[in-house]
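Asks: To start, I am sharing the structure in question, which I have written as structure tokens.
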Amino acid sequence: MIVSLDPDSPEVWYMYEIIDILRQGGVIAYPTDTVYAIAGDLFSKDAMEKIYQIKKMPRRKPLSIICADFKDISEFAQVSNTAYRLMKRLLPGPYTFILTATHKVPRLMLSKQRTIGIRVPDNKIAREIANMLGNPLISTSFQLDPDELVSDPFEIYDKYKNQLDVVVDGGSMPSSTSTVLDLTGSVPVLVREGKGSVEMLEVGSRG
């Protein structure tokens with residue numbers, strides 16, 4: 001099923017059907033501010049397994065979580081004062097922040113270091129889905145192959161309609177990766193530079 005939503009004002013009556021599917025362990029493709037992604041309910045083990053199967057990802061590769069609002073992050077991750085100030089400046093936006101997870105994040109989601117990648121994308125559809133669901137989404141970017149990000153929801157539907165429960169059409173978009181910042185230490189560390197600018201930030205680099 002494909003559902004087309006207004007990216008500026010998502011239609012609530014369509015959203016209820018999407019939320020119901022997520023609560024039953026379904027998986028969706030949906031737009032973010034960087035790329036189309038695949039998602040499920042954070043607390044659904046079935047959804048997590050489906051995402052790994054569809055993406056053909058090894059279980060050791062972590063998924064991110066999508067929060068509806070900046071204020072929700074501290075419920076699922078430990079946030080220092082430095083991290084708080086930085087995220088407040090940048091969110092919502094095209095950034096993934098690596099943080100130490102709280103006990104509310106399912107253990108299956110965690111790296112060996114008990115960290116989690118968290119996003120609050122600058123996309124009304126993505127944030128409203130998480131808001132109406134009442135908890136974060138588990139999410140990973142949609143790629144047809146390792147080097148090709150997907151920007152067209154109808155392309156996703158044509159290829160994956162038998163594996164996805166819903167493809168949410170929020171329009172085509174230029175695709176790019178998010179900028180990844182590790183905030184687990186005293187100084188932010190740049191893990192990957194993507195759409196989110198780091199020019200005005202004082203960050204270290206990994207490697």
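Asks: Filter the range 58-78 down to the residues that are touching a residue at least 60 places away in the same chain (Cβ under 8 Å) and touching a strand residue (DSSP E or B) at 6+ places or on another chain (Cβ under 7 Å) and list them by number.
Replies: Residues satisfying the conditions are LEU63, SER64, ILE65, ILE66, CYS67, PHE76.
Asks: Now, a different point. Could you please let me know if VAL203 is under 27 Å from PHE70 (Cβ atoms), surrounded by 13 or more Cβ atoms within 10 Å (Cβ to Cβ) and modelled with pLDDT of 90 or more?
Replies: no
Asks: Quick one: in the range 159-170, of everything that is at pLDDT 90 or above and outside any strand (DSSP E or B), which residue is farthest from the chain's Cα centre (by Cα)?
Replies: Only one residue fits best here, namely ASN162.
Asks: Given the conditions (1) modelled with pLDDT under 95; (2) more than 17 Å from the chain's Cα centre (by Cα), which single one is not true for VAL150?
Replies: Only one criterion in (1) modelled with pLDDT under 95; (2) more than 17 Å from the chain's Cα centre (by Cα) is unmet by VAL150, namely (2).
Asks: Check THR177, THR140, THR184 and return the single one that is modelled with pLDDT under 90, in contact with a strand residue (DSSP E or B) (Cβ under 7 Å, 6 or more places away or on another chain) and polar (S, T, N, Q).
Replies: THR177
Asks: Please go through (1) without any contact (Cβ under 8 Å) to a residue 24 or more places away in the chain; (2) buried (at least 18 other Cβ atoms within 10 Å of the Cβ); (3) among the charged types (D, E, K, R) for ARG107 and return the number of the only condition it doesn't satisfy.
Replies: (2)
Asks: Give the number of residues within the range 39-68 that are of a type in the set (D, E, K, R) and modelled with pLDDT of 90 or more.
Replies: Counting residues in the range 39-68 that are of a type in the set (D, E, K, R) and modelled with pLDDT of 90 or more gives 5.
Asks: Go through the range 8-51 and report how many residues are among the hydroxyl-bearing types (Ser, Thr, Tyr), under 17 Å from PRO136 (Cβ atoms) and either more than 11 Å from the chain's Cα centre (by Cα) or surrounded by fewer than 23 Cβ atoms within 10 Å (Cβ to Cβ) (or both).
Replies: Looking only at that region, the number is 1.
Asks: Return the residue satisfying two criteria in turn: it lies in the range 52-101 and is among the aromatic types (Phe, Trp, Tyr), out of contact with any Asp or Glu (no Cβ under 9 Å at 6 or more places or on another chain) and crowded, with 19+ Cβ neighbours inside 10 Å, and of such residues it is farthest from SER141 (Cα to Cα).
Replies: That would be PHE76.
The values are calculated or read from the model by the stated rules, or taken from the named source; none is laboratory data. Computed from a predicted model, the values in this text were never measured in an experiment. Every residue, glycine as well, gets a Cβ built from its backbone with ideal geometry; the counts of neighbours run over all protein chains shown.
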